[in-house]
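A quick write-up on the structure given underneath.
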Protein chains: 2
Amino acid sequence: MTYCLAMRLDEGLVFLADTRTNAGVDNIGHYRKLHTVHSGHDRFFVLESAGNLATTQEVLDRIHRDLSTNGDHESLATVNHLFEAALYIGRLNLEVAASHREGLGGAGGTATFILGGQVGGEDPDILLIYPEGNYIRASDDQPFLQIGETKYGKYLLELAVRPDVEAITATKIALASMMMTARANLSVGPPYDLGIYLNGSYELDAFRLTDVSPVMQHLAQIWEEHMLQAFRDLPAITRGDLAAKDLAELAARAQKVTGDQ
Amino acid sequence: MTYCLAMRLDEGLVFLADTRTNAGVDNIGHYRKLHTVHSGHDRFFVLESAGNLATTQEVLDRIHRDLSTNGDHESLATVNHLFEAALYIGRLNLEVAASHREGLGGAGGTATFILGGQVGGEDPDILLIYPEGNYIRASDDQPFLQIGETKYGKYLLELAVRPDVEAITATKIALASMMMTARANLSVGPPYDLGIYLNGSYELDAFRLTDVSPVMQHLAQIWEEHMLQAFRDLPAITRGDLAAKDLAELAARAQKVTGDQ
């Protein structure tokens, strides 16, 4: 499986993707799932992929072939809006899956993408492209998207991702969400590809973090210490607490136990 | 959906279950999913259920009918070991599902159970009963089991559940895992049923926590504050950090930034 996420902040976009692929537990591979496509000075695209590896690779190959071939066909150089890029990739995705359906015995070979980027003077955005070829944007209130193994790390994103979060904090949230997922699910694993896009820059700050990366080791250690400390700091629950009728009564009970004023 | 978990600690067993059921988003109900069965002074059983509601209710009804009917048939009063109780419930589960398969148009109507308890002088244990009728124990190293929506809250259990954790701490871990699940998935929700079983007591300390329960409000508030504080406390990640070769270099860099000795 896979875990990719993207955030749309006031400051810019943040992307994080793992690299583990598997076809059964005895066939583990590492493939990049975060891709950048440059197709003109006024536009910039980041693509994250989950699902059938053959399908995602052929979609990417077709995107690059369309860009390098002369003609009046649609490509990431011709689209005028980010949503048109999403529809274009959605169409390629459908075409690739359909072309292999018979060979795959009717099975899907489907893929899902997150497309991020900026076209012309438009605001940067992130869109989730479904295997069916349509797309959705991230919500205004909780501006993140996930594909792949989305459940393990979702709580943190729900809790902490807001448009006004700074990219540097968003990076910590993203890495914590990834660590929680990789710890609970073997099919998600390092190295991780991190991308930070600042509005109007038309280029991605890209980093690769391995499992022996000091930053990852440091973050994992501090994060786990914080989690365990949180359990120690949470108040012990007594039978009386469980029967308390309101927060004032609970607070009074806590005062009595600790002797606080 | 559902989220139920159980832990097997040196001190005893801890159970936590939500109560939300749904047949489509416009048909939400509340049903108890944590059940206790008394079938003799030397034995004690707790059952948590996930899956088809009709199947789980009929399995419970059959368990109670077997207990109240005279005869030499198998029941929770006749089994000599906890694993025999698991196989008995697994058999009822298969029988109920099979009896409705035709009516359900070939669909499963399957259910999954966690069985906890103590029989005679045996150590208390927790077992997961599959829809296929077989079972597994919790592992020795990380002695917890989950059924239903297991992914959202799994990281915390992996991180913190060990046999020597005290029941009072385990309760906090369980409630935090439940809060993270309910926050990220609408199909899991309060009230929550909490059960604490101390070894050899042959009875369950049972509590029901509603969404307006002061304890839940208090815990949720403190938990979220701790999570957000953790993000603030995690070190900011700079481009230099990302390129650091080892932890010593990272530590030196952090000293330089903060001026620490």
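Label-point spacing for A:A206 across the identical copies (point 7 Å from Cα in the Cβ direction), in nm and ascending order: 5.8.
Note on chain B: with a GNM built from Cα contacts shorter than 10 Å, the maximum mean-square fluctuation among B:L159, B:L13, B:L234 falls on B:L234.
Which residue fluctuates most in the GNM of chain A (Cα springs below 10 Å): A:H35, A:H81, A:H218? Comparing A:H35, A:H81, A:H218 in a Gaussian network model of chain A, the most mobile one is A:H218.
Let's see if you can work this out: charge +1 on each Lys and Arg Cβ, -1 on each Asp and Glu Cβ, no other charges. What is the dipole magnitude of the protein assembly as shown about its Cα centre, in debye to the nearest 20?
Values: 42 positive and 70 negative charges, 1 e Å.
Computed about the Cα centre, the dipole is about 0 debye.
Entry note, chain B: the mean residue ellipticity at 222 nm calculated from DSSP H runs of n ≥ 4, each adding -39500 (n - 2.57), is -12000 deg cm²/dmol after division by the residues and rounding to the nearest 500. As a calculated quantity, the FRET efficiency between A:A77 and A:A107 at R0 = 35 Å, using C-beta atoms, amounts to about 0.55. Return the subset of A:K151/B:K33; A:K245/B:K154; B:K33/B:K172; A:K151/A:K245 for which the Cα-Cα distance in this structure is over 24 Å, preserving the input order. Violating the 24 Å Cα-Cα cut-off are A:K245/B:K154; A:K151/A:K245. Under Stokes-Einstein, with the Kirkwood radius over Cα pairs as Rh, the value for chain A at 25 °C and 0.890 mPa s is 121 µm²/s.
Starting from the Cα gyration tensor of the stretch B:63-180, take the square roots of the eigenvalues, sort them a ≥ b ≥ c, and report rounded, prolate or oblate (rounded when a/c is under 1.5, otherwise prolate if a/b is larger than b/c, else oblate).
Working: a/c = 2.72, a/b = 1.41, b/c = 1.93.
Oblate shape, in that a/c is at least 1.5 and b/c is the bigger or equal ratio.
Here each label is just a point 7 Å from Cα along the line to Cβ, and for B:D42 and B:D211 those points are 4.7 nm apart. The region of chain A that goes longest without hitting one of the GluC sites (Glu not before Pro) in a DSSP loop, each with at most 15 other Cβ atoms within 10 Å, is A:1-73. Placing dummy labels 7 Å off each Cα toward the beta-carbon, the span from B:A54 to A:S139 is 3.3 nm. With each label modelled as a point 7 angstrom along the Cα→C-beta vector, the A:A251-B:D10 pair spans 3.8 nm. Peptide B:212-223 shows a mean partner chain C-beta count of 5 within 10 Å per residue C-beta. Karplus-derived 3J(HN,Hα) values for the stretch B:192-208, using 6.51 cos²θ - 1.76 cosθ + 1.60 with θ = phi - 60°, are 10, 9, 10, x, 10, 10, 8, 3, x, 7, 6, 8, 9, 7, 10, 9, 10 Hz; glycine and proline are entered as x. Across the copies of the chain, A:A252 has label points (7 Å from Cα along Cα→Cβ) spaced 6.0 nm apart, shortest distance listed first. Between the listed residues A:T238, A:N199, A:L228, the Cα displaced farthest toward the positive end of the dipole of the stretch A:185-246, a dipole computed from Cβ unit charges relative to the Cα centre, is found at A:T238. Karplus-based coupling profile of the stretch A:153-165, in residue order and whole Hz: x, 6, 3, 4, 5, 4, 6, 10, 7, 9, x, 8, 5, with θ = phi - 60° in 6.51 cos²θ - 1.76 cosθ + 1.60 and x standing for Gly or Pro.
Pairs of C-alpha atoms in the protein assembly as shown farther apart than 34 Å represent 47 percent of all such pairs. Residue and distance for the chain B Cβ closest to the axis that moves B onto A, in whole Å, come to B:K151, 2. Counting only other chain Cβ atoms within 10 Å of each residue's Cβ, the peptide B:159-168 averages 2.
Which helices of chain B meet both criteria: a Cα extent of 27 Å or more along the helical axis and a mean Kyte-Doolittle score no lower than -1.0, with helices taken as whole DSSP H segments? Intermediate results must be reported in sequence, preceding the final value.
Working: long enough: B:82-101 (28 Å, 0.43); B:214-233 (28 Å, -0.40).
Long hydrophobic helices here: B:82-101, B:214-233.
Look at the alpha carbon pairs under 8 Å that are at least 6 residues apart: their mean separation over the length of the stretch B:3-211 gives a relative contact order of 30 percent. What chymotrypsin sites (Phe, Trp or Tyr not before Pro) does the stretch B:1-39 have in DSSP loop regions with at most 15 other beta carbons within 10 Å? Counting only loop positions with at most 15 other Cβ atoms within 10 Å, the chymotrypsin sites (Phe, Trp or Tyr not before Pro) in the stretch B:1-39 are B:Y31.
Can you give the charge dipole size of chain A about its Cα centre, rounded to the nearest 20 debye, using +1 on the beta carbon of Lys and Arg and -1 on the beta carbon of Asp and Glu? That gives chain A a dipole magnitude of about 840 debye. Amide hydrogen proximity for B:I126: with H placed 1.01 Å from N in the peptide plane, the residues at 5 or more positions away or on another chain lying under 5 Å are B:A138.
Taking only the C-alpha atoms of the stretch A:56-128, Rg followed by Dmax gives 13.5, 45 Å. Each copy carries a label point for A:E224 at 7 Å from Cα toward Cβ; from one copy, the others' points are 2.9 nm away, ordered from shortest.
Read the figures in this text as sums done on the coordinates, not as results from a lab. All figures in this text were calculated on a predicted structure; none of them were measured in a lab. Because the Cβ atoms are built from the backbone with ideal geometry, glycine has one as well, and the counts that use them run over all protein chains shown.
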